[in-house]
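Here is the structure we will look at.
The values are calculated or read from the model by the stated rules, or taken from the named source; none is laboratory data. Predicted, not measured: the structure shown is a model, and the values here were computed from it. Every residue, glycine as well, gets a Cβ built from its backbone with ideal geometry; the counts of neighbours run over all protein chains shown. For the accessible areas, the whole protein counts, side chains as well, though only heavy atoms, and no ligand, DNA or RNA atoms are used. Shrake-Rupley method; radii C 1.70, N 1.55, O 1.52, S 1.80 Å.
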Amino acid sequence: MSEMIDAVLAGADPATLAATPLPATTRAVVVRRDETSMFDGMASRDKDPRRSIHLAEVSLPEIAPDEVVLVVMASSINFNTVWTSIFEPLPTFGFLDRLGRESSWGARHALDVHVMGSDAAGVVVRAGSAVRNWRVGDAVTVHCNYVDDQDPSGHDDSMLAANQRIWGFETNYGGLADLTIVKANQLMPKPAHLTWEEAAVNALCNSTSYRMLVSRNGAPVTPGDKVLIWGASGGIGSFAVQHTLNAGGVPIAVVSSESKAATLRELGVEHVINRAERDYRFWKDPTTQDESEWRRLGRDIRELVGEDPDIVFEHPGRSTMGASVFVTKRGGTIVTCAATSGYMIEYDNRHLWMRLKSIKGSHFANYREAWAANQALVDGRIVPPLSAVFPLERAGEATYEMHHNRHEGKVGILCAAPREGLGITDPELRARVGERRLTIFRRHDQED
Ligand code: NAP
């Protein structure tokens, strides 16, 4: 452990932290450029993140004026950790090289190792000379929208910026490390009633679901809307369910097991479809879909809520998109941010145009949206779906679990925090939100 991490763990004041030397290197979870072809010719499911993910000691570069250094107390596994670790759809080193060509500060990112991770909760220990709103000692969480404020294309909605990037996926120095470097405009206040590991698992997925279902940039839920949510107990799904309930909508949650259904019921969801039990076969074979199976899903939804969904929250992609377009209500919206099962999508366009439906693409969130999503956590209106916690050394195993859909909600990673349960500074708010509610996913995971 470095002197700096010891100082943060001891709760040192800002002046002491500022006077404590920064270590020259950090422990970090990486993939390596010289291993990007290690899985060539293998099927996706056989590519094992435990082989490609390494714990390494990585040098920390000088920070730019608009950046801060954080001691990362905890981070999380996201699906982009899976993509990075199996080098799909592309090795991420191409992203790093492109950033490297942009500027001398960008050049710091073009390394032969990629420090992964797009979530973090921690403490600011250095702030660049242009940082105004944050100080050494601040407890923060980090959102992953990495934007260049000198680019005019990003000044309406920063997600539209020509060179918008996802930190820790399309940049280096991600959150799966003891220390990380982020731009000051990625920082948000850490929810004071949460532990470090609870605080670290939200920003990426919560902000994504907020943009999709709350922001005017997505398909905002209005009271009474019926919302079909695929993967409703997964990372983005578990936030989608909560945002839908908070907006007065009615989630129809799709999951693949009874234990996931039980988790969602405790979260307040009335209507759950177990897709494994219903055994939908949307595809007869790899190239042909079965409309009668789309109809069967549609009937199941009508049986539960009496009508077709106003909004479908899509991300499985190829497996489900045909069904999603079919079951959406006349005039309704399919909002999509991903294609886990395949991005070459097929649907029957007659059902889209004749019934005046729309497909809305969405990607992460701008700073305003990420901040609003974080505020809902800060206020206790959204709870973190933390189900399991791994130490940094076992990030490969945690990523393997996610790759094989063996997790619920979010998987947290302890970085500099030596154990779980640290970081709560507002126990009164924690008591008001309720220990049981804050630990729904964790308790269900431990019972399974
Ligand atoms: P996750 O925690 O693995 O949850 C996804 C859930 O989707 C799974 O738990 C599974 O739930 C369900 N699912 C998977 N394959 C399916 C299929 N073929 N048919 C039906 N349901 C299926 O992952 P996540 O963090 O929620 O991310 C989901 C996707 O969104 C990933 O592809 C990720 O890369 C993407 N994403 C995109 C953004 C963005 O900004 N564009 C942000 C976050 C995530 P059940 O087995 O219980 O049904």
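What to note about this one:
- Within segment 130-147, residues that are among the basic types (Lys, Arg) have Cβ atoms under 7 Å from residues that are not in a strand (DSSP E or B) in these pairs: 135/14, counting only partners at least 6 apart in sequence or on another chain.
- Under the condition of being within 16 Å of the ligand (Cβ to nearest atom) and surrounded by 12 or more Cβ atoms within 10 Å (Cβ to Cβ), the residues counted in segment 406-430 number 7.
- Counted residues, segment 217-264 - those being among the basic types (Lys, Arg) and within 14 Å of the ligand (Cβ to nearest atom): 1
- Which listed residue, of 310, 290, is under 23 Å from residue 208 (Cβ atoms), away from the ligand (no atom under 12 Å from the Cβ) and of a type in the set (Asp, Glu): 310
- Qualifying residue in segment 262-280 (condition: open to solvent by less than 10 Å² (accessible area, probe 1.4 Å) and small (Gly, Ala, Ser)): no
- The selection criterion, being within 12 Å of the ligand (Cβ to nearest atom) and either modelled with pLDDT of 95 or more or at negative phi (or both), holds for residue 79.
- The helices (runs of 4 or more DSSP H) found entirely in segment 245-309 that carry 1 or more residues being closer than 21 Å to residue 441 by Cβ and modelled with pLDDT of 95 or more are 258-267, 275-278.
- Some residue of segment 339-351 being open to solvent by less than 30 Å² (accessible area, probe 1.4 Å), more than 14 Å from the ligand (Cβ to nearest atom) and of a type in the set (A, V, I, L, M, F, W, C): no
- Residues being buried (at least 18 other Cβ atoms within 10 Å of the Cβ) and over 26 Å from the mean Cα position of the chain (by Cα) - total across segment 24-55: 0
So that you can scan it fast, the table gives a plain yes or no per residue for (1) of a type in the set (Lys, Arg); (2) in contact (Cβ under 8 Å) with a residue 12 or more places away in the chain; (3) in the same structural domain as residue 49 (by TED's automatic domain parsing):
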site: 376; (1), (2), (3): no, yes, yes
site: 381; (1), (2), (3): yes, yes, yes
site: 385; (1), (2), (3): no, yes, yes
site: 391; (1), (2), (3): no, yes, yes
site: 402; (1), (2), (3): no, yes, yes
site: 422; (1), (2), (3): no, yes, yes
site: 427; (1), (2), (3): no, yes, yes
site: 431; (1), (2), (3): no, no, yes
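- Single residue of segment 363-379 satisfying the filter (among the small types (Gly, Ala, Ser) and away from the ligand (no atom under 14 Å from the Cβ)) that is farthest from residue 210 (Cα to Cα): 376
- Considering the conditions (1) away from the ligand (no atom under 16 Å from the Cβ); (2) open to solvent by less than 10 Å² (accessible area, probe 1.4 Å); (3) within 17 Å of the chain's Cα centre (by Cα); (4) not hydroxyl-bearing (Ser, Thr, Tyr), residue 190 is excluded by exactly one of them, (2).
- Some residue of segment 17-32 being closer than 28 Å to residue 340 by Cβ, in contact with an Asp or Glu (Cβ under 9 Å, 6 or more places away or on another chain) and assigned to a helix (DSSP H, G or I): no
- Lone qualifier among 377, 356 - being open to solvent by less than 60 Å² (accessible area, probe 1.4 Å), modelled with pLDDT of 95 or more and not aromatic (Phe, Trp, Tyr): 377
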